[in-house]
Structures are given as C-alpha cells and as structure tokens.
Amino acid sequence: MMRKMVVATVLLCALALPGTAGAQDWPARPVNLIVPFAAGGPVDTLARVMAARMSELLGQQVIIENIGGAGGMTGSARAAKAAPDGYTLLLSGSAVLALNQLLYKKPLYNALTDFEHVALYSDSARVLITRKDLPANTLPEFVAYAKENQAKMQYGSAGGGSGTHVCAVLLDVAMGTKITHVPYRGAGPAMQDLIGGRIDFIAEQISTALPQIRGNTVKAIVTLGLDRAPGLENLPTAAELGVKGLDCGSWGSFSFPKGTPEAIVRRLAKASNDAVETAAVRERFKSLGVTIPVPERRTPEYLAKFVPAEIERWAGPIKASGVSID
C-alpha cells in the first residue's frame, strides 16, 4: 500500500512540473517576440505582420521587442539566455542563425545548440538598389562605374554582419573593388540616406526595397538571388548576367531558447503555419515581394536540418571574402 502511495505521489509531482503544466496551458500570458534588428526595417516589418495574426490564433498578445546591435547578435543572445518557458521567442533567420556564426570570431551564442528551432515562415530576395542619380542602369554599367569610382563610393547596411553587409561584401569581391562600408543602426536609416543621395547603394531585402523602387525614389539594378523576385519579374538576376555566387536571399524563422517543451514548439509552429496560410497575410507578403515557403519546409524538423546546411553553404563565400568581425 505504501509503495502505491509513493508511486502515486511521484506521478502527481511529475504532472505538476512547470514544463508539463506550462506546455498544456501555454500561452497563459503574452509572448515576448525579440526582433534582433531595429524597428522599421524589413525583418521588423514581417515580424509585425506575423505577430498580429499569431496573437489572434494563440489568444494571447505576441509583443515585439526590438533589440538591435551586432548584426542581430545582441537580441539573439538575449533570447538564447531566456527561460525556456515559451514566453520568449526569437525572430531568427539567415543573418542570426547562419551568417553571424561565420562572421564573428566569438559569436555570443551557438545557433545549433542554444535554440529549439520552430519553423521557417518567409523567403526574401535581395536587390541591388542605388541612389536615383547614380549614372548606371544595368549591372554591367554599375560594375564599370564602381571600378572607376570605387575610391569615393560608399554602400550602406543595417550594421556590420547584417545580411545587407555580407551581400554587399560578396558583390564587392565579385566586382574586384574595395568600396567603403557605412554601417547604420538598422535598414531604415540606411534607406533614408540612400534616398537622400548620401550613400551610393544598398543590397537590400525586397520587402524594404520594393516600395521605394515603385515610388521611384531609388534605382533597381539587379536581383541578388537565384530567381527573379516577386513584384520585380522584369529585373534579371546577377547569375543571368554572368555574375555567379551572388545568392543573397534572406529567410525568416522562429526559434525558442533551448529546452523549451516540445508541445510549445509544436503549438507555435502550428500558429506560424496557420498565420502564413491566412489570406490577408499572404496578400501582405505578396505586396512586399516575399515568398512563403512550401508546407514541408515549415516544420521544426526541417529547420533543425536547414540551419546547419545554411551555415555550411555560407562558410565558403564568407571565408573567400576575408570578412571577419571581432
């Protein structure tokens, strides 16, 4: 009899563990979504679209906290160190899970071991855009101009180590030039200086570039990805024009701190998938030129394999570029 009572007590205690109960009841309060980039940039824009719809689906607010710095590493490191209770979520993606692991000599986190990866939710091309009055309209003209004027040219980025920075570095290497890099605290300030003619070009995500291209405030030169971008179907890729190795597409995902219960990971993955299947979200993504991954790419299992594959894919180009950040 005593043995049965002990067993029953152990089982009751196990059921009362925070991880188990929390997973069953999650979310019981608002979820903090860390966006590791400044407000107003392309990552933040998509984050707000997703957060609004997921709040409806989860029945709790998904509250965005912008923590920029170090190409996305500062906010990502904070997320990695947060309690694995499902109430701190990271808007992860290509920059924070792949590029930073290779660019920085001492990354603040390990993308492979510090997170429970949830799901991909977006694919976004990059586009080479220039100030409106730059005297080049095609990639060959741009390369010729850059080689002639590299000493006085400047390109902007969302910060050292960001996707905009790395893509511009690869372009610099491909052209055989050494153009001055001007890092900003986010894509928004960089875009404002490009529109104002204070810098010459940005290798920007299409979601931020497209409205400015349509508004005729900047000039689109070429797509920096494997495929032509939605909304810019007439703009060729660099590969089409004979410049290889410029696949600078950006993908977005969600990740929890390591140790977050699987039930919570699955619930968030479902909310993410249901969000991108919503007509209003799809329409908004389309207006930004952003592609939604096919369903089989939107699972925790896929993302867990995809992250190391992306690190491996970028290792060669980044090493060849010689870029390294302390």
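The values are calculated or read from the model by the stated rules, or taken from the named source; none is laboratory data. Predicted model only: the values in this text are computed from it and were never measured. Methodologically, a virtual Cβ is constructed for each residue, glycine included, from the backbone with ideal geometry; neighbour enumeration extends over all protein chains shown.
Is it the case, given these coordinates, that VAL243 is crowded, with 17+ Cβ neighbours inside 10 Å, of a type outside the set (Ser, Thr, Tyr) and not assigned by TED's automatic domain parsing to the domain that holds ILE64?
yes
Which fully enclosed helices (runs of 4 or more DSSP H) of region 24-105 have 3 or more residues being within 14 Å of the chain's Cα centre (by Cα)? Even if it seems obvious, please write down each step before you answer.
On the way: elements: 42-58, 73-81, 100-103.
Once the helices (runs of 4 or more DSSP H) in region 24-105 are filtered for at least 3 residues that are within 14 Å of the chain's Cα centre (by Cα), what remains is 42-58, 73-81.
Given the conditions (1) assigned by TED's automatic domain parsing to the domain that holds ALA269; (2) part of a strand (DSSP E or B); (3) touching a Lys or Arg at 6+ places or on another chain (Cβ under 8 Å), which single one is not true for THR113?
Single failed check for THR113: (2).
Are any of the residues in region 270-285 at positive phi and under 21 Å from the mean Cα position of the chain (by Cα)?
No; the residues of region 270-285 include none that is at positive phi and under 21 Å from the mean Cα position of the chain (by Cα).
Can you name every residue in region 143-172 that is modelled with pLDDT under 95, more than 16 Å from ILE318 (Cα to Cα) and in contact with a Ser or Thr (Cβ under 6 Å, 6 or more places away or on another chain)?
SER157, ALA158
Out of VAL169, VAL127, VAL182, which single residue is aliphatic (A, V, I, L, M) and either surrounded by 24 or more Cβ atoms within 10 Å (Cβ to Cβ) or at positive phi (or both)?
Going through VAL169, VAL127, VAL182 in turn, the sole match is VAL127.
As an exercise: evaluate GLY289 against (1) outside the structural domain of VAL118 (by TED's automatic domain parsing); (2) surrounded by 14 or more Cβ atoms within 10 Å (Cβ to Cβ); (3) at positive phi and give the number of the one condition it does not meet.
Just one mismatch for GLY289, condition (1).
How many residues does region 52-74 hold that are modelled with pLDDT of 95 or more and crowded, with 22+ Cβ neighbours inside 10 Å?
2
Can you tell me which residue within region 191-219, out of those that are within 18 Å of ASP44 (Cα to Cα) and small (Gly, Ala, Ser), is modelled with the lowest pLDDT?
SER207
Just to be sure I understand the filter: pairs with C-beta atoms under 6 Å, separated by 6 or more residues or on different chains, first member in region 146-157 and over 8 Å from THR180 (Cα atoms) and of a type in the set (Asp, Glu), second member at pLDDT below 95 and surrounded by 15 or more Cβ atoms within 10 Å (Cβ to Cβ). Which pairs pass?
Partner pairs satisfying both residue conditions: none exist.
Here is a list: ALA271, ALA304, ALA275, ALA263. Which entry is in contact (Cβ under 8 Å) with a residue 12 or more places away in the chain, touching a Leu at 6+ places or on another chain (Cβ under 7 Å) and over 28 Å from ILE213 (Cβ atoms)?
After applying the criteria, what remains is ALA271.
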